[in-house]
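Some notes on the structure that comes next.
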Amino acid sequence: MTRFAPRRTLAEAKDDAAREAIRAALVEHSGNVRRAAEQLDVSYAQAQRETTRLGLRAWLDGEYTRADRQPQNRTGARRPAKSDT
């Protein structure tokens, strides 16, 4: 007997493809939604909506902490972390 994969709708398949494309762009750009949107050729607002709609917002917040989003100086190098001393 041959087993087939569970049936999916076209909308589900499109959402899966969009989720993977957005996730890959976010990983490539270290969680920067604006840069990911530019790469995907969509507006920043659309990228924000899609990350929320596709359930990537929680993944994004968990994957990239504040330490990963340190500000950079003019040369593009990360600034040293401030110490509590």
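The figures follow:
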{"read-out": "Surface/4 estimate of mean projected area, convex hull on alpha-carbon atoms of segment 14-67, nm²", "value": "3.3"}
{"read-out": "Relative contact order, percent, segment 14-67 [alpha-carbon distance under 8 Å, six or more residues apart]", "value": "31"}
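Read the figures in this text as sums done on the coordinates, not as results from a lab. Just so we're clear, the structure is a prediction, and the values are computed from it rather than from any experiment.
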